[in-house]
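The values are calculated or read from the model by the stated rules, or taken from the named source; none is laboratory data. All values reported here derive from a predicted model rather than from experimental measurement. Note that each Cβ is placed from the backbone with ideal geometry, even for glycine, and that neighbours are counted across all protein chains shown.
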Amino acid sequence: MEAKERREQIVRALKCVGQPLTGTALAKELGVSRQVIVGDIAILRAAGVDICATPQGYIILPVSATTAVTARFACRHGVELMEDELAAIVDNGGRVLDVSVDHPVYGEIKANLMLASRRDLTEFLHKSAESGAAPLSLITGGVHLHTVEAPSKDVLQKIAIELKMLGILLD
């Protein structure tokens, strides 16, 4: 299979599945190495395909026809409150799209999270612990932003109230 055809199959798979696919799963399906998939994803992104890399795998987000609203929450806490913070968001009906920090040299550094459920949160925390990787917020003394999507402004308000009750929402 030629590279162009393989990349077209990657795009079709990501659009059809509707959930993240790992590089390993795509590689197995297409009979190539994971590194070839990583390169293909980079080339597709450079060509303008909106592929999002999440802790769960690659996904092309569908264009939403819903009335979803988004907000950015500025938070500060240590590693010990990361689970409580993210649970407050997903348990109230929000979806954590990303986390970002303001680095003094590089500017904004953002990582896609795409956490919408307790299951997503549990998998994320497991991967985080297993890898030993430090959260981005350690760069900035615990200060970070989350972009959150929710079905309504009321849900965003409930999330803000709970984050404030936890003592982690910055005013």
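A residue that is out of contact with any strand residue (DSSP E or B) (no Cβ under 8 Å at 6 or more places or on another chain) and surrounded by 12 or more Cβ atoms within 10 Å (Cβ to Cβ) cannot be found anywhere in the range 49-62.
Specify which of the listed residues (I168, I89) is farther than 27 Å from T22 by Cβ, crowded, with 18+ Cβ neighbours inside 10 Å and touching a Leu at 6+ places or on another chain (Cβ under 9 Å).
On the way: I89 fails: farther than 27 Å from T22 by Cβ.
Only one candidate passes the filter, namely I168.
If you check G57, G167 for being on the phi > 0 side of the Ramachandran plot and at pLDDT below 95, only one passes: G57. Going through (1) within 28 Å of L21 (Cβ to Cβ); (2) surrounded by 14 or more Cβ atoms within 10 Å (Cβ to Cβ); (3) touching a residue at least 40 places away in the same chain (Cβ under 8 Å) one by one, T70 falls short only on (2). The residues of the range 18-42 that are surrounded by 14 or more Cβ atoms within 10 Å (Cβ to Cβ), of a type in the set (A, V, I, L, M, F, W, C) and more than 17 Å from the chain's Cα centre (by Cα), listed by number, are A25, L26, A27, L30, V32, V36, I37, V38.
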